Structures are given as C-alpha cells and as structure tokens.
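What follows is a set of notes on a single structure, which appears directly below.
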Amino acid sequence: MNEYVAPLGGRADFATIAAWLPSAARVLDLGCGDGSLLAYLSRIRGARGYGIEIDDAGVLASVRNGINVLQSDLESGLAGFEDASFDCVILSQTLQAMRHTEDIVREMLRVGRQAIVTFPNFGHWTHRLQILRGRMPVSSSLPYQWYDTPNIHMCTVADFDAFLAERRYTVENRVVLSGGKEVSVLPNLLGELAIYRFRPG
Amino acid sequence: MPSFAVTPGGTPAAESGHSVGVVEARRARFDAPLELACGQSLPAYELAYETYGTLDQARSNAVLVCHALNASHHVAGCYADNPEDIGWWDNMVGPGKPLDTNRYFVIGVNNLGSCFGSTGPTSINPATGRSWGADFPLVTVEDWVDAQARLADMLGIRQFAAVMGGSLGGMQALAWAIRYPDRIRHALVIAAAPNLSAQNIAFNEVARQAIMTDPDFHDGRFETFDTKPRRGLRVARMIGHITYLSDEQMEEKFGRALREGLRFSFAPEFQIESYLRHQGEKFADYYDANTYLRITKALDYFDPAIATGGDLARALAPATCKFLVVAFTTDWRFAPARSRQIVKALVDNRHDVSYAEVIASHGHDAFLLDDPRYLAVVRAYFERIAAEGSATTAKAAP
C-alpha cells in the first residue's frame with residue numbers, strides 16, 4: 001500500500017482559502033489528496049463537506065484524517081451533486097492537471113455558489129527565464145520534468161484573468177503568493193501561486 | 001457451517017492479525033410476537049448468534065455484522081469440534097484485523113427465516129408440531145433488522161458503534177440507519193445496492209424457478225416426502241455463482257480449459273462446468289430450498305425508497321449515522337453505479353459519508369476477499385470510529 005505523498009512546495013494557499021470562507025461553510029474540495037485542506041478548514045473555520053479524490057492512497061489518507069472523502073474521477077464531472085448545494089467549491093492546485101478544464105470550472109459554479117481555484121503561476125520569472133534558455137521550466141512550484149509532469153494545462157495569472165473575464169465570471173478575490181507571502185507588484189512575474197475566488201457573473 | 005461463495009484462488013488468509021480462535025454459537029429466544037411486513041406475526045422465535053471481543057463498560061463498542069444470502073452468524077473463528085469450519089468473514093474480523101476484536105464487541109446473527117439455527121422453514125412450527133416448511137412467512141430485510149434490534153436489547157446494547165455488511169448485509173446496514181437512526185453511529189455498506197435491478201430480480205426468479213419446478217420440491221413440502229429439491233438448488237446456486245464472479249476473473253481462472261479434452265458428451269468437459277457443478281452440489285447438501293426462496297424474495301423486496309415515492313434521498317433523510325460505502329469495479333451484480341446512488345442520496349441529505357471504489361478483479365465476491373486497499377480503508381474507518389469515541393452527540397450537517 002503506497003502512502004499518500006503530499007504535493008511538493010507546501011500548501012501556502014490553505015490560510016488564504018480559510019480567510020475567504022464564511023464560518024461553518026459547506027465546502028466541496030475537488031482533488032482533496034489526503035484531506036488535509038478539509039481537515040484544516042473544518043478545524044479552524046468549522047467548515048463541513050466532502051473531498052473528492054481518485055487516488056487510492058489519497059482516499060485512505062483522507063479516511064484516516066477523518067474527513068468525508070468520495071472516490072471519484074473529476075474528469076467525469078460532478079453529476080453526483082445538485083445545483084448550488086455548496087457554499088464553495090475548491091480546486092486547489094489541481095486545475096493544471098485536468099483534461100477538461102472548462103467543464104470542471106463550469107461544474108464548480110453549478111454545484112457551488114462560488115469557486116476557489118489555486119494554481120502554480122507559469123508566468124513566474126524563473127519559468128520565463130528557463131524557457132528563454134530553451135528549456136521547459138522546473139521549479140519548486142513545478143517540480144516535474146516535461147516527460148513526467150501531470151500538469152497538462154499550465155496557465156499564467158494573466159491567462160486566468162482573461163479566462164474568467166471571457167466567461168463574465170466575477171472575481172471576488174485574487175491573491176498571488178511567493179514564498180507564502182502576498183505579491184502586490186508584478187504578480188504575474190513574481191508570483192508562484194495564484195489563488196482566485198470567483199462566482200458566476 | 002458453510003461460508004459464502006469464495007472465488008477459487010481467493011486467499012483465505014488475513015492481511016494481518018490472527019483468528020479469534022474457538023467460538024461458540026448461542027441461541028436467543030424471544031417470546032414477544034414479531035409483527036412482519038407481510039402482515040403475519042411470529043408468536044415466538046429464536047436467533048442464532050455469536051459474539052467476539054468484549055463489550056465495554058459503556059456498552060458503546062458493539063458492532064453488528066449482517067450476513068448475505070447464504071452465510072450465517074458464524075462470522076469469525078472456528079468451532080472446537082470442527083476446526084475446519086472457519087467463519088465467513090474471518091479475514092475481516094479478529095484480533096488485529098480490520099474490525100479488531102481487541103477493540104470492538106462484534107456480533108454475528110443468523111437472520112430470521114434462514115436455516116442455520118435461527119427460526120426458519122426448517123424449524124418446528126409450534127402450531128403443528130412439524131417443521132414450518134412452505135408455511136414459513138416471507139420475511140423482509142426490515143423484519144430481520146427488527147429481530148436484530150431485539151437481540152441488541154437482550155444483550156444490553158442501546159446503540160451500535162457500527163452496523164456493517166456486504167451485499168444483502170449492506171442492505172441491512174442501510175435499513176438499520178433508516179429504521180433505528182438513534183441506535184447506530186456508523187453504517188458500513190459494502191458491495192450493496194439501494195434496491196435490486198430488473199436484471200437482479202430476473203436472476204433470482206430463474207433460481208427460484210429452478211427450485212420450484214424440481215419434481216422433488218412438492219410445493220415446498222418436500223420434507224413430508226423425505227426428499228429435497230437438490231437439482232433445483234444446484235441450478236439456483238450455479239446461476240447465483242455466475243453473478244458473484246467477474247467475466248475477467250472467470251476467464252483468468254478457467255478460460256476454456258478442459259478437464260480431459262473434448263469427449264463429445266454432456267458430461268462436464270470444461271473446467272468452469274465442473275466448478276459450477278461442484279459448487280451446486282455443495283450448496284444442495286447444506287442449504288434449505290424454502291430458505292433460498294425466501295431470502296431471494298427479501299432481496300427482491302428491499303427498496304427503502306418505496307415509502308417515499310422512489311426518492312432514495314428522502315428515504316435516507318431520517319438517518320443520523322455516518323456512512324462508509326464501498327464498491328468494487330468489476331462487481332456487475334451490484335455495480336459501483338448502484339453504490340453511487342446511495343452516496344448521492346446521502347450527500348443530498350448532507351449526511352457524513354465516505355465512498356471507496358476499489359479496483360478489484362473478483363466481481364461481487366471481492367467483498368469477502370483479501371484486497372489490501374479494501375481492507376485498509378475498512379481498517380482506517382474503524383480506527384476513526386474508535387478515535388471519535390462513544391459520544392452520541394447530535395450530528396451537525398456537513
């Protein structure tokens with residue numbers, strides 16, 4: 001039995017997500033891994049809800065963490081959930097690894113009143129520099145080689161801004177972090193991790 | 001005591017832990033009449049049961065294990081006079097096993113209408129002095145659960161830490177959650193379904209027809225004729241057995257392998273034929289035809305959503321316990337899609353539920369076998385129950 005291995009680069013987004021949630025919110029965490037985000041949100045914000053995870057080791061770790069985990073493939077959508085049944089649907093550092101990116105964002109805003117999405121910023125200057133040198137970027141936020149990366153839909157902060165604007169979604173909050181600290185100047189160049197909260201127009 | 005169908009090649013050894021050792025079956029007698037769903041009432045009845053582990057001071061560590069079609073109260077361990085007779089879920093229940101008898105007080109109970117010690121068609125009907133046979137009423141999953149609740153009363157258990165079962169046993173766990181919400185803290189519903197599909201009922205009906213059209217059936221009064229519808233039981237078991245295995249598993253274990261080459265006869269030539277005949281033969285030795293007819297009917301009738309106009313979510317609304325639902329990918333009898341219906345209904349109610357969909361090649365039988373991922377999830381869930389303690393605080397919706 002493989003033990004669950006937490007994503008590299010830490011989970012600097014947890015505290016920001018917690019701050020944005022109303023207390024006792026109903027939350028759906030997509031790609032919940034070992035359930036540590038839900039366990040954290042439940043502990044400090046009284047959040048309740050479910051995590052969805054496809055990986056066996058993640059499901060087992062989530063059961064051990066005492067959260068409600070449902071083993072399911074996000075790529076097949078959120079058919080098991082009614083419209084507007086959650087205060088917030090979270091997709092934490094999973095968007096870039098999804099095949100059906102647009103579908104999942106649409107589904108998030110169907111079952112949740114709002115969505116929180118976090119992703120590693122491909123526009124970070126170290127990534128740009130590596131591409132200028134002719135190589136695919138490898139960094140603490142993107143710790144994979146081109147041939148073994150699960151990340152198939154990388155985007156920059158500017159890309160995601162445009163994505164939300166094209167669909168007329170309303171951005172409630174946007175925070176870009178570097179080394180766990182908020183970046184306010186040139187976030188698309190200096191930020192490693194982007195965190196968005198948005199709702200339908 | 002027979003065990004449930006075990007797939008050839010399925011490893012009976014436990015992932016870890018050891019056996020509870022020698023156990024003893026007991027019998028509890030109930031003299032208050034039990035009102036049945038069919039409208040009849042059983043004036044008195046007995047339930048055969050076994051227990052493993054120790055009930056704690058607070059009487060809060062009891063786990064009820066419900067059995068499926070042809071199993072019994074003999075869940076774990078073996079009998080002093082028959083060490084070969086090992087409980088049907090011995091890989092799940094025992095000291096250090098996923099359902100750890102060092103921590104939990106585990107109860108196995110033979111269902112009403114069965115033929116392994118609880119009152120059923122093979123028992124004596126006090127009204128006639130002869131065995132009930134075809135006169136034994138049709139019992140439902142809810143009747144079983146009501147009878148189990150009286151056993152819990154008798155054992156001084158007001159609330160179970162968990163009620164657990166696979167297949168038809170999982171349906172009993174569901175019925176417990178709905179019928180006695182304040183008497184269970186957790187329900188483990190494994191390889192089950194919220195009701196039977198038309199295909200499931202069809203297989204059951206073919207099995208029943210095999211029994212009822214056997215000339216030795218005599219309208220269920222075969223005992224009077226000192227016989228038994230063995231042919232019918234054999235065919236019923238063969239049909240059932242096919243639905244317990246996956247196509248993949250059958251292919252792997254038997255394929256088109258022959259016993260001794262083609263002989264241009266109707267003697268068993270393919271390995272799968274002789275395997276099914278062997279299973280049918282064993283079953284006809286130990287199982288009662290009237291019991292088989294009734295238990296398959298109980299399966300067909302099970303449908304908690306019938307009381308709520310087909311709305312499973314509303315049917316599960318009264319439940320207050322937390323749930324673990326487990327399904328196996330190659331189970332086509334009660335496919336994962338059926339378990340996901342249960343999960344959806346629970347989520348719609350904001351009930352606490354976790355769901356594991358285990359990639360396993362053994363079909364429906366996987367719930368009895370040693371899949372490390374499956375057993376690890378059940379183990380983790382029972383550890384979590386223990387960590388929660390026995391606090392019976394009102395549940396806040398997730």
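To keep it simple, each residue is scored yes or no on (1) small (Gly, Ala, Ser); (2) in a helix (DSSP H, G or I); (3) closer than 29 Å to B:GLU251 by Cβ; (4) over 18 Å from the mean Cα position of the chain (by Cα).
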residue: B:ALA315; (1), (2), (3), (4): yes, yes, no, yes
residue: B:ALA327; (1), (2), (3), (4): yes, no, yes, no
residue: B:THR330; (1), (2), (3), (4): no, no, yes, yes
residue: B:HIS351; (1), (2), (3), (4): no, no, no, yes
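Selection over segment B:356-375 of residues that are surrounded by fewer than 21 Cβ atoms within 10 Å (Cβ to Cβ) and at the interface with chain A (Cβ under 9 Å from one of its Cβ atoms) gives a count of 3. Please tell me if B:PHE334 is part of a loop (DSSP other than H, G, I, E, B) and in contact with a strand residue (DSSP E or B) (Cβ under 8 Å, 6 or more places away or on another chain). When the stated conditions are applied, B:PHE334 passes them. Of all residues in segment B:257-296, those that are part of a helix (DSSP H, G or I) and out of contact with any helix residue (DSSP H, G or I) (no Cβ under 9 Å at 6 or more places or on another chain) total 6.
For B:ALA307, state whether it is facing another protein chain (nearest Cβ under 9 Å), surrounded by fewer than 17 Cβ atoms within 10 Å (Cβ to Cβ), more than 21 Å from the chain's Cα centre (by Cα) and small (Gly, Ala, Ser). No.
Does B:THR296 qualify as being closer than 30 Å to B:SER118 by Cβ and surrounded by fewer than 21 Cβ atoms within 10 Å (Cβ to Cβ)? Considered against the rule, which asks whether it is closer than 30 Å to B:SER118 by Cβ and surrounded by fewer than 21 Cβ atoms within 10 Å (Cβ to Cβ), B:THR296 comes out as no.
For segment B:217-228, filtering for residues that are surrounded by 16 or more Cβ atoms within 10 Å (Cβ to Cβ) and touching a Gly at 6+ places or on another chain (Cβ under 9 Å) leaves 4.
No other residue among B:ARG384, B:ARG338 is facing another protein chain (nearest Cβ under 7 Å) and surrounded by fewer than 24 Cβ atoms within 10 Å (Cβ to Cβ) apart from B:ARG384. Working only within segment A:133-155, note down all residues that are small (Gly, Ala, Ser) and farther than 20 Å from A:SER178 by Cβ. Passing the criteria: only A:GLY134.
Looking at B:VAL353, B:VAL325, just one residue is at pLDDT 95 or above, in contact with a helix residue (DSSP H, G or I) (Cβ under 7 Å, 6 or more places away or on another chain), facing chain A (nearest Cβ under 10 Å) and closer than 17 Å to B:LEU375 by Cβ, and that residue is B:VAL325. The requirement of being in contact with a His (Cβ under 6 Å, 6 or more places away or on another chain) and under 27 Å from A:SER76 (Cα atoms) is not satisfied by B:LYS344.
Checked against (1) surrounded by fewer than 15 Cβ atoms within 10 Å (Cβ to Cβ); (2) among the basic types (Lys, Arg); (3) within 21 Å of B:ALA360 (Cα to Cα), B:LYS253 passes all but condition (1).
Quick grid of which residues meet (1) assigned to a loop (DSSP other than H, G, I, E, B); (2) of a type in the set (Phe, Trp, Tyr); (3) more than 16 Å from the chain's Cα centre (by Cα):
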| site | (1), (2), (3) |
| --- | --- |
| B:LEU138 | yes, no, yes |
| B:ASP153 | no, no, yes |
| B:VAL163 | no, no, no |
| B:VAL189 | no, no, no |
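Residues being in contact with an Asp or Glu (Cβ under 6 Å, 6 or more places away or on another chain) and on the phi > 0 side of the Ramachandran plot are entirely absent from segment B:150-157. Being modelled with pLDDT of 95 or more and away from chain A (no Cβ under 13 Å) is a property that holds for B:ARG333. Looking across segment B:160-210, the residues that are surrounded by fewer than 24 Cβ atoms within 10 Å (Cβ to Cβ), in contact with a strand residue (DSSP E or B) (Cβ under 7 Å, 6 or more places away or on another chain) and touching a residue at least 40 places away in the same chain (Cβ under 8 Å) come down to B:ARG185, B:HIS186. Scanning segment A:142-201 for residues that are surrounded by 19 or more Cβ atoms within 10 Å (Cβ to Cβ), assigned to a loop (DSSP other than H, G, I, E, B) and among the small types (Gly, Ala, Ser) returns a single hit, A:GLY191.
Listed by first and then second residue, the pairs linking a residue in segment B:271-288 that is under 15 Å from B:THR243 (Cα atoms) to a residue that is of a type in the set (Phe, Trp, Tyr) and not in a helix (DSSP H, G or I), with Cβ atoms under 6 Å apart and 6 or more places separating them unless they lie on different chains, are B:ILE272/B:PHE254. Taking the numbered list (1) under 24 Å from B:PHE283 (Cα atoms); (2) part of a loop (DSSP other than H, G, I, E, B) in turn, B:PRO194 passes all entries but (1). The criterion of at least 3 residues that are within 11 Å of another protein chain (Cβ to nearest Cβ) is met by the following strands (runs of 3 or more DSSP E) wholly inside segment A:48-122: A:48-53, A:69-71. In summary, no strands (runs of 3 or more DSSP E) completely within segment B:1-118 bear 3 or more residues that are at pLDDT below 95, surrounded by fewer than 20 Cβ atoms within 10 Å (Cβ to Cβ) and of a type outside the set (Lys, Arg). Would you say B:TRP144 is closer than 15 Å to B:LEU299 by Cα, part of a helix (DSSP H, G or I) and at pLDDT 95 or above? Criteria met by B:TRP144.
The values are calculated or read from the model by the stated rules, or taken from the named source; none is laboratory data. What you see is a predicted model, and the numbers here were worked out from it, not measured in a lab. No Cβ is skipped: glycine too gets one built from the backbone with ideal geometry, and neighbour counts run over all protein chains shown.
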